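One structure below.
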Amino acid sequence: MNDMTKPGNTSDTSATIAELTALARAARREKRWAEVEQHAAALIEREPDNAHALGWLAEAHEKQGHDKKAIASYERALDLDARRHEPVARSIFQRLGNLYNRAGRFDDCKRVYARYTERYPESSDAWTRLSRAARKTGDAELCESALIQAEGIRVEREYRQERERARGERLLELYEARLAELGYGPDETAGSEE
């Protein structure tokens, strides 16, 4: 076992990105936030545009009660998001918006959730959060339109789920009918033990 596999040790500058990532993930799973912060910071030194590491660093700051540092790291991740084709994780938008909301910075909260809806337009969660933030800033029109969008997405999702469930039931009926045509009955051994 080398020194890098010991929890909390990132002093070895020869640590690979994969090793640091594994250490950060393990510390995060175990909620060892100081270690997550240390490993994520080391990752960011090596890969400044590592969105996962920025998110982990921000989360570690947040969990340790360092809200200003958390906001700065989440904002850095959103700056990175603006330069990437693939969006950063939804949790970046959610956590940053929550921090701004708790701090009473509702305009910033609304800005973050508006970006969330741009990056994840199919997310009813994004639209619901934007609606709540808009209400807190007194933007009644945006509040209502975002709420309508969120509800439309939820209804569409429920419709698709119900359609898939019904399709599955119909396929099962067709399968059982075909088995009966072929002379096979219900599986008489199901539930019996030898």
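The values are calculated or read from the model by the stated rules, or taken from the named source; none is laboratory data. All values derive from a computational prediction rather than experimental measurement. Heads up, the Cβs are rebuilt from the backbone with ideal geometry, glycines too, and the neighbour counts pull from every protein chain shown. Accessible surface is based on the protein model in full, side chains and every heavy atom, while ligands, DNA and RNA are left aside. Shrake-Rupley method; radii C 1.70, N 1.55, O 1.52, S 1.80 Å.
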Query raised in the report: Since GLU122 meets every condition but one in (1) within 30 Å of LEU57 (Cα to Cα); (2) assigned to a helix (DSSP H, G or I), which condition does it not meet?
Result: (2)
Query - Selected residue (criterion: least open to solvent (accessible area, probe 1.4 Å)) from residues of the stretch 72-112 that are among the acidic types (Asp, Glu) and part of a helix (DSSP H, G or I) - result: ASP81
Query raised in the report: Does any residue of the stretch 32-52 turn out to be at pLDDT 95 or above and part of a loop (DSSP other than H, G, I, E, B)?
Result: yes
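Conditions tested, residue by residue: (1) open to solvent by 90 Å² or more (accessible area, probe 1.4 Å); (2) under 30 Å from ARG105 (Cα atoms); (3) out of contact with any strand residue (DSSP E or B) (no Cβ under 7 Å at 6 or more places or on another chain); (4) part of a helix (DSSP H, G or I).
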residue	(1), (2), (3), (4)
SER131	no, yes, yes, yes
ILE148	yes, yes, yes, yes
GLU158	yes, no, yes, yes
ALA166	no, no, yes, yes
ARG170	yes, no, yes, yes
TYR175	yes, no, yes, yes
Report summary line: Within the stretch 29-71, restricting to residues that are among the small types (Gly, Ala, Ser) and under 15 Å from LEU99 (Cβ atoms), the one that is surrounded by the fewest Cβ atoms within 10 Å (Cβ to Cβ) is GLY65
